[in-house]
Amino acid sequence: MSKQTQLSEAVKGRFAPSPSGRMHLGNIYTALLSWLSAKSKGGTWLLRIEDLDPQRSKKEFAELIEDDLHWLGLIPDEGGLSGTVSAGPYSQSLRGEIYNSYYRQLLASGLCYGCRCRRADIMATQAPHQSDGRIVYAGTCRPQETPPFATEIPDGLATRLYAKSEDIFFNDGICGPQCVNPAEFCGDFIIRRADGAWAYQLAVVVDDALMGVTEVVRGDDLLLSTAQQIYLQHLLGFPTPEYYHLPLVRNSAGIRLSKRDSAMSMEYLREHHTPEEVIGMAAARAGLVADGRALSAGDLLAEMENKSASKLVLNV
Ligand code: GLU
């Protein structure tokens, strides 16, 4: 068996957008590098729609994200409309029963308690980007200093998971060695909202494990969420994928791109550029090609064979 074939059985990357708006160049950059990293090692790439929050997620955006990815030539092997569906469904809003069984496992371990604090509860379905600010939970609702806690949560309360004070080490493929103590970094964190919505941290860990994801390539504003995710992986007996956290794409003022940067939005880009130009722009941000070069995702891939995500962003 050739090396390429062996690798193709092992590597699986993913792109996991939240459908709260149309993509912009920053999302395209993340999608492109996660795709390139997996495909350049002969692996597969899946698309998962992170629509946990019923208030912020819109089906039309999920459809546009997929359409935009196809336009760019970034076609998921798994998930979405055209990929295989062996570990589906690939929309988090359809995976409640799955999350519930792992949630029950955590409750049964006596590590959870009910929480009445509101704002953090509402935020829990969203990936906590660093620019959102960070609060270390003070343990206000924790019934006693240490577990075990009761194994049932009263109706109408959010569920918090006890964060044990321990150093979690991981070696990020781009940012290097990391050591985070979840008890000091975030404190006990929410795994289910008071209204029953599943928290991002629980859902992402369950999904990455059950979907067989071996490498996570995403923005570096999620770097420190990784410790919470590894903590959950240990509790649930899941393997830890490799992590690659990419420097975020910034606008000319040095600020992380957002939906307000309309010239970088997919809507504008599709109106004014070809797919090859947009792939070229995202690739140039990663230092993979010279500024102004236009090329298809497939041609870029052919140039990048066998480079991991850390190599891919070496020039950033
Ligand atoms: N759904 C998250 C976001 O769009 C990304 C989560 C992840 O890649 O782990 O911000």
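Across the chain, the convex hull enclosing all Cα atoms gives 133 Å³ per residue. Listed by chain and number, the aspartates and glutamates placed with their C-alpha closer than 18 angstrom to that of residue 58 are 50, 66, 67, 68, 267; residues fewer than eight positions away on the same chain are left out. Straight-line reach from residue 41: taking Cα to Cα under 13 Å and skipping same-chain neighbours fewer than 8 places apart, the aspartates and glutamates in range are 9, 215, 303, 305. Here the contact order of the chain, divided by its residue count and restricted to Cα pairs under 8 Å and six or more residues apart, works out to 23 percent. Annotation for residue 299 and residue 119: the two label points, set 7 Å from Cα along the Cα-Cβ direction, are 5.0 nm apart.
Are there any GluC sites (Glu not before Pro) in region 205-307 that are in a DSSP loop and have at most 10 other Cβ atoms within 10 Å? List them by number.
Within region 205-307, no GluC sites (Glu not before Pro) qualify (loop, at most 10 other Cβ atoms within 10 Å).
For region 175-263, the list of trypsin sites (Lys or Arg not before Pro) that fall in a loop by DSSP and count at most 15 other C-beta atoms within 10 angstrom reads 259, 260.
Unpaired cysteine residues in the chain (no second Cys Cβ under 4.7 Å): 112, 117, 175, 179, 186. Please work out the FRET efficiency for the pair residue 236 and residue 63, using the Cβ-Cβ distance as r and a Förster radius of 25 Å; give the result to the nearest 0.05. Plugging the Cβ-Cβ distance into 1/(1 + (r/R0)^6) gives 0.20.
Bridges between two residues of the chain, per DSSP, are antiparallel at a rate of about 55%.
Give, as a single signed number, the net charge of other residues whose beta carbon lies under 13 Å from the beta carbon of residue 197, with Lys and Arg counted +1 and Asp and Glu -1. Intermediate results must be reported in sequence, preceding the final value.
Numbers: positive: 56, 95, 192, 193; negative: 50, 51, 53, 121, 195.
Counting the neighbours of residue 197, the net charge comes to -1.
Each of residue 140 and residue 277 was given a label point 7 Å from its Cα along the Cα-to-Cβ line. The distance between the two points is 5.1 nm. Taking Cβ atoms as reference points and 13 Å as the exclusive limit, the residues near residue 62 contribute a net charge of -3, counting Lys and Arg as +1 and Asp and Glu as -1.
Please give me the summed charge of the neighbours of residue 210: other residues whose Cβ is under 13 Å from its Cβ, Lys and Arg +1, Asp and Glu -1.
On the way: positive: 12, 14, 48, 95; negative: 78, 97, 207, 208.
Result for the local shell: 0.
Here residue 167 and residue 98 are evaluated by their C-beta separation; at R0 = 25 Å the FRET efficiency comes out at 0.25.
In this simple spin-label approximation, residue 56 and residue 181 carry label points 7 Å from Cα along the Cα→Cβ vector, and these lie 3.0 nm apart. What the phi angles of region 295-303 give under the Karplus curve with 6.51, -1.76 and 1.60, with θ = phi - 60°, is a coupling list of 7, 6, 4, x, 5, 4, 4, 4, 7 Hz, glycine and proline written as x.
Values quoted throughout were computed directly from the atomic coordinates according to the rules given, and no laboratory measurement underlies them. Please read these numbers as outputs of a predicted model, since none were measured by experiment. Neighbour counts are summed over all protein chains in view; Cβ atoms, including those assigned to glycine, are modelled from backbone coordinates with ideal geometry.
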